[in-house]
Every structure is written in C-alpha cells, then in structure tokens.
1. Quick one: what are the phi-derived ³J(HN,Hα) couplings along the stretch 260-267, Karplus 6.51/-1.76/1.60 with θ = phi - 60°, whole Hz, x for glycine and proline?
2. Hey, rough spin-label estimate for ALA191 and THR271, points 7 angstrom out along Cα→Cβ, what's it come to in nanometres?
3. Placing +1 on the Cβ of each Lys and Arg and -1 on the Cβ of each Asp and Glu in the stretch 23-149, which of THR97, GLN80, LEU62 has its Cα farthest towards the positive end of the resulting dipole?
4. Kindly list the residues of the stretch 94-119 that lie in the label zone of TYR182, defined by a backbone N under 18 Å from the point 7 Å along the Cα-to-C-beta vector.
5. Of GLN131, ASN289, MET241, which is farthest on the positive side of the dipole of the chain, counting Cα position, with +1 on Lys and Arg Cβ, -1 on Asp and Glu Cβ, and the Cα centre as origin?
6. At a 1.4 Å probe, what is the % contribution of carbon and sulfur to the accessible area of the chain?
7. Between TYR182 and residues 5 or more places away or on another chain, which pairs have amide H atoms under 5 Å apart, with H built 1.01 Å from N, and which residues are they?
8. Show which lysines lie in cross-link reach of LYS291 when reach means a straight Cα distance below 30 angstrom and same-chain residues fewer than eight apart are skipped.
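The values are calculated or read from the model by the stated rules, or taken from the named source; none is laboratory data. As the structure is a prediction and not an experimental result, all values here were calculated from the model. In this analysis, Cβ positions are derived from the backbone assuming ideal geometry, glycine residues included, and neighbour counts consider all displayed protein chains. The protein model used for the area step is the full one, side chains on, heavy atoms only, and it has no ligands, DNA or RNA in it. Shrake-Rupley method; radii C 1.70, N 1.55, O 1.52, S 1.80 Å.
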Amino acid sequence: DTILKLDILGHDIPTKCKRMEEYSGVNILDVPLTDPATYRGFTTTEPIGVSPEQIDAKTSTLGLPEMGTKLSRDVLMEAQPKNFADLLQIEGLTHGTGMWMGNAQDLIREGICTVSEVIGCRDDIMLTLIQKYGVEKGKAFKIMEFVRKNKKGSKIPEDMMNTMLECQVPQWYIDSLQKVRYMFPKAHAAAYAIDAIRLMWYKIYYPVEFYAGYFSAAPKGFDSEIVMRGKKYVYDTMMDMKKRKNELDQKDVEIYNALMLVNEYYQRGFTFLPVDLQKSHAHKYVPENGKIRLPFGSLPGLG
C-alpha cells in the first residue's frame, strides 16, 4: 500500500573535498567563507595568477561545482556578484527556469536593478514581499507558492495582483514573477555556494592539491597521452576542439572539459609527473614535490 521514493543523486563534491583535505592537511570546515581573494575569483582570473586569454575563461571558476560551466561563467560576468548573498542569487538564477534569460538578465542589463535585487530563490519572493513592501505574511506565502509552481505560465490571479499593487510592488517585479517557471530553494542554493567558496579557496591557496583532488574524484576525459606532451600541445588541442565543438561526440566533450582544467594547471606554472611503476597510485592523482604524479588509471584504455 505504500510507495517509497528515494532520490539518490551521485555527487562527487564530497569526494573532492575529502581528497583536498587529505592532500593539504586543511579540514574543509576550517576553510574561511569570507576571504576577499576567493570572492574576486568568481569574476576575475587575477587570484589564480593567469590571464583570461591563457585559460579561455574570464573567471577562476573552472572545476567548481555549479560555477564552472559556460552558462554559469557568463552569468557571473554579467551579474558581478560581490558577496555571499549575491552568490546565492547566481545559484538560483542558473538552476531555475525562466529566471535568467529574458528575465533577470534584461533587468540587470537595463540598469533597472542589480543582482542582489532580482528574484533569485523561492524564499526571496515571500521575504521581499513581507519585509520590503509590507504584504501580509499569509498572502506573501501564497504568492510565492503560486509563482514557484507556475510551470505552465498561468496568469497571476487577480487577488494576488491587487495585493501587490496595493502595497506598491513595482511593475518590473510583478512582470518578473510572471515569467518564472521553476525556482530553486534557498537552502539548496546555499549548500552549492558554500561548496564553491570552499573549493575556490583550495584552488587559490593549495593549487596542486586542488587539481590532484579534482582529477582523483572526476577523472573523466583525462588522457595522459595528450597531457604529457606539455603545455603548448594541451592548449593547441583544446583550442582546436573548441573550433570543432559542434562536431564533438560525448567522449570528445569530456576530453575538452578535462583539458580546460589541465591547461589552467599548466598555465599556473605546474607540471605532471609520468606514470611510474613504483610510485603511481591505481586511480588517485597524488601531489609529489609540487607536481602531480599521474595514476595508472590516467592511461587510455587501462582498466
């Protein structure tokens, strides 16, 4: 009589955190969440000491959870987050539907509001309506619930519209609510943002340990035959694949994504050590004398 439903998501972030702790000796819970350089890394490459041209990206977020994709990097550059609350907004905007393109993006571009003022997460609607515009709590909750469940784009009911107009909620805000199709909960956004900040800190202050931990947990696409040919070969291969991006199959896309991280590692002045019968681990990429020793698993076709 009972159906039990389990949503079991495969997450590699805890494994990355475990490896970075192991390699650096710094507990993940001791990583500061207020370091200024860490926040600069979300909108510039300056904290990791490379130029955007060297890594073909304008942020330092390659390899960070939910922040390293092309879409997320573009949103970061347009929205220019300055603090933790802004990063929550970014997570909400990039995981929602009907939130960024044609909605928040246009409002920011036109100077109507900043990233901290647009609608980012579910909870923001209720809290903004109550705290900023004085909407009665029960009504604010109902408006939030209607908007976040409004997958088909039904018109906001007249009584809710009248409530907002009576409380002088601006028209741009009401129009923005009408475009939303799905919204992220704020607690979920906070979990992602905290992960991204912590891993960014390792990336800046423990670079070799960061990349070793990253590839140990997510080795997909890492091809040691390409990697060991050196910095120039990796960069040229990556740029050639970028030109042919529409022709790439799934395996090529994985190689391209791995090469972006490998190239960034090389551009920061670090190198890899080849697979060694005596020193290599089966699958872990291990820091060794300021370099990364490749595991047996990095060899193409080796099971």
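1. 4, 6, 4, 4, 4, 4, 4, 5
2. Between ALA191 and THR271, the simple spin-label model gives 4.2 nm.
3. Of the candidates, THR97 comes out farthest on the positive side.
4. Only 94-104 pass the distance filter.
5. MET241
6. Carbon-and-sulfur percentage of accessible area, whole number: 53.
7. Sorted by chain and number, the residues that satisfy this are THR97.
8. The qualifying lysines are LYS16, LYS18, LYS58, LYS70, LYS203, LYS220, LYS231, LYS232, LYS242, LYS251, LYS279.
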